[in-house]
Amino acid sequence: SQQGEEDPQALSIQEGENATMNCSYKTSINNLQWYRQNSGRGLVHLILIRSNEREKHSGRLRVTLDTSKKSSSLLITASRAADTASYFCATDQAGTALIFGKGTTLSVSS
Amino acid sequence: DTAVSQTPKYLVTQMGNDKSIKCEQNLGHDTMYWYKQDSKKFLKIMFSYNNKELIINETVPNRFSPKSPDKAHLNLHINSLELGDSAVYFCASSPTGDGNQPQHFGDGTRLSIL
């Protein structure tokens, strides 16, 4: 079944650096969403980008979507220790469920 | 002012037992979900209810039975628990169930089977 795949699986950076995570998916979508999960907590919605959009910003987050390549990227600029978390992309499937990828674990050290 | 709340947060029990997890949302959303997250953090949809009606029922053993008494509540009952049921179970809700809206998650129920 359709599923997002994040890359890399793990990413370690220093505070102040930028972090880029990628997501690839298999079939046509209506939208793609990015979520953050802190250790021991539930997922928190970050950004939703629709299939007719190419780029979206929210604070230090920038999401791009390339439907021709079936891929998306999440850029976090000027990372902080508090950004340490797992990041998941999710795509809609047949207008019902969200299918989540396996996530990228980001570690930001001070 | 918790949006999606699950109880209990931790559940440790023995194989063969029956247990329930409760979920409530105060966001006024029409759709609620149950997800299972395994030890590798892979998150998989189990069930989805829209206004008390079952919409999604993925390939889940029939030992798992969801119940939605009203659109603000979605409970999960698990019979005859097995070792492989150990995981974190997340409840979520969204305004609609068409996949075009953000989902709001609870903090999960960590189920450990001894």
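Okay, here's what the table says:
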{"quantity": "Separation of the A:Asn18 and B:Asn100 label points, Cα + 7 Å toward Cβ, nm", "calculated": "3.2"}
{"quantity": "DSSP-defined antiparallel bridges as percent of all bridges, the protein assembly as shown, nearest 5", "calculated": "90"}
{"quantity": "Within a Gaussian network of chain B (alpha carbon springs, distance under 10 Å), most fluctuating of B:Lys40, B:Lys67, B:Lys22", "calculated": "B:Lys40"}
{"quantity": "Relative contact order (%) - chain A, alpha-carbon pairs under 8 angstrom, separation at least six", "calculated": "38"}
{"quantity": "Gaussian network model of chain A, Cα within-10 Å springs - most flexible of A:Lys26, A:Lys69, A:Lys56", "calculated": "A:Lys69"}
{"quantity": "Extended-chain gain in nm, criterion 0.36 nm per residue less alpha-carbon gap, B:Asn62 and B:Asn17", "calculated": "14.7 nm"}
{"quantity": "Exposure proxy order (Cβ contacts within 10 Å, fewest to most) of B:Val12, A:Val108", "calculated": "B:Val12, A:Val108"}
{"quantity": "Normalised contact order of segment B:36-96, rounded percent, pairs of Cα under 8 Å and 6 or more residues apart", "calculated": "31"}
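Any read-out appearing in this document is the output of simple, stated calculations on the displayed coordinates, not a laboratory observation. Note that this is a predicted model, so its numbers are computed, not measured. Every residue, glycine as well, gets a Cβ built from its backbone with ideal geometry; the counts of neighbours run over all protein chains shown.
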